[in-house]
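Trainee: What follows is a single structure, and I will ask about it in a moment.
The values are calculated or read from the model by the stated rules, or taken from the named source; none is laboratory data. Predicted, not measured: the structure shown is a model, and the values here were computed from it. Cβ placement follows ideal geometry from the backbone for every residue including glycine, while neighbour counts extend to all protein chains displayed.
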Amino acid sequence: MNTEMLECKRLTVGALYRPMRIDHALLNRIYADITRKYPYSDLKHLPDGIRMANGNVNDFFVQNNRLQVNEPVEVFHAAKEKAMDLFDMASRSLNISEFAATGVKIIAAIPTGKGEAGNILLREVFGALGNKFSVLGGGFKGAGLRVVLHEEAVRQVKIEPFFGDLSSIYIEVDTQYPKPVKKLEEIDEAVNGCYDYIFENIAAFFKEL
């Protein structure tokens, strides 16, 4: 399989901090400051904060104990730099001195050829199980796998056919870092670590297929 075609599709970065009380005036100022640089057409007040968004394309949550960015990826490092800048702007306004935990999720895909995603995983990963899936029911379209790894971080990896388009395999790497951090550079490193995992470990896995 040609791993040079592996590409990131979406980036999510979230971080938790000690719960705080945030009034609506401050939340509105944060929204105004951010939208001067990054346009968000929608603003929704939540019971514990705000969600600024451009429809379902991208969004940024500022809540009483969490920041979270969801961005589509065209150029990964541009999406990452935007996420880090949003975190910087919000954390300065909220005077956040420490993040208790960080999460990074990257969704990626690798093309396989028309309609081949289900067949490749079935043949190369599940092997002898291939003819036993009929026991579960009819209409079989494909199967995927989920791997959970506990090292310095807790990493969950999903690899499965993209069922809306069987010409691609869908990859999701969700990594949770429970260690407190004081600097945004450490969150930046966590994002880089998740990205490197995809293009080193996941790519090596696909080269074996």
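Trainee: Within the set of pairs 6 or more residues apart or between chains, which connect a residue that is touching a residue at least 60 places away in the same chain (Cβ under 8 Å) inside segment 51-73 to a residue that is among the aliphatic types (A, V, I, L, M) and assigned to a strand (DSSP E or B) with Cβ atoms less than 7 Å apart?
Mentor: E71/L11; V73/L11
Trainee: Continuing with this model, one more query. State yes or no: is M84 in contact (Cβ under 8 Å) with a residue 24 or more places away in the chain and touching a strand residue (DSSP E or B) at 6+ places or on another chain (Cβ under 9 Å)?
Mentor: The answer is yes for M84.
Let's see how each residue does on (1) modelled with pLDDT of 95 or more; (2) farther than 25 Å from M5 by Cα:
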position: G115; (1), (2): no, no
position: L136; (1), (2): no, yes
position: G142; (1), (2): no, no
position: F162; (1), (2): no, no
position: T175; (1), (2): yes, no
position: V181; (1), (2): yes, yes
position: E185; (1), (2): yes, yes
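Trainee: Quick check on segment 157-209: of everything there that is assigned to a loop (DSSP other than H, G, I, E, B) and of a type in the set (G, A, S), which residue is nearest to T12 (Cα to Cα)?
Mentor: If we take residues in segment 157-209 being assigned to a loop (DSSP other than H, G, I, E, B) and of a type in the set (G, A, S), then G164 is nearest to T12 (Cα to Cα).
Trainee: Related question: Return the only residue of I107, I96 being in contact (Cβ under 8 Å) with a residue 12 or more places away in the chain and closer than 27 Å to E160 by Cβ. First the steps, then the outcome.
Mentor: Working: I96 fails: closer than 27 Å to E160 by Cβ.
Going through I107, I96 in turn, just one is in contact (Cβ under 8 Å) with a residue 12 or more places away in the chain and closer than 27 Å to E160 by Cβ: I107.
Trainee: Kindly check whether there is at least one residue in segment 70-83 that is among the small types (G, A, S), assigned to a helix (DSSP H, G or I), outside the structural domain of V173 (by TED's automatic domain parsing) and more than 19 Å from the chain's Cα centre (by Cα).
Mentor: The answer is no, given that none of the residues of segment 70-83 is among the small types (G, A, S), assigned to a helix (DSSP H, G or I), outside the structural domain of V173 (by TED's automatic domain parsing) and more than 19 Å from the chain's Cα centre (by Cα).
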